[in-house]
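The values are calculated or read from the model by the stated rules, or taken from the named source; none is laboratory data. Values in this document were obtained by computation on a predicted structure and should not be read as measured data. Cβ placement follows ideal geometry from the backbone for every residue including glycine, while neighbour counts extend to all protein chains displayed.
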């Protein structure tokens, strides 16, 4: 009898714990990031994603520097996945656009960047423009790009002989979406 009662009480506790909703994950830790890309106080993490895909670069003449060339950032094309690996959106451009699978999307204006190590695109903080559509992106205030891997301009030469050539490089980064508290 005691064992049946204990099992019944334990089962009831488990059911009530599950019914209270999903467990909250720990907020993204701002203290581990350079101050320049930290999100201002008054904002909270709304969604964490991992972006993985490609960045396209094009060999172009440097602006206002005739006879000099550089790999110019053309735009990204990446899938946005949640922490379990399920695709929840995409990131593409130009202009840089984050779109959720529910159709809501947001563009943003760069606030700051910070080096993220050799071979990696920099960490970045952008201020979101008002969202288009209604859904997960509605109310987004800031987006951080952190934990970057790869994505830098190609190492091959860019010069008069290959102006207009495009190169695609792989990259990965965490995109952390914030909303006002």
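Tabulated values for the structure
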| item | result |
| --- | --- |
| Region 131-181, residues that are in contact (Cβ under 8 Å) with a residue 60 or more places away in the chain, closer than 21 Å to residue 38 by Cα and not in a strand (DSSP E or B) | 139, 181 |
| Residues located in region 100-126, provided they are assigned to a loop (DSSP other than H, G, I, E, B) and surrounded by fewer than 16 Cβ atoms within 10 Å (Cβ to Cβ) | 101, 102, 103, 115, 117, 118, 119 |
| Residues within region 45-99 that are touching a residue at least 24 places away in the same chain (Cβ under 8 Å), surrounded by 13 or more Cβ atoms within 10 Å (Cβ to Cβ) and either in a loop (DSSP other than H, G, I, E, B) or in contact with a helix residue (DSSP H, G or I) (Cβ under 9 Å, 6 or more places away or on another chain) (or both), tallied | 5 |
| Test: residue in region 158-173 that is within 16 Å of the chain's Cα centre (by Cα), surrounded by fewer than 14 Cβ atoms within 10 Å (Cβ to Cβ) and modelled with pLDDT of 95 or more | yes |
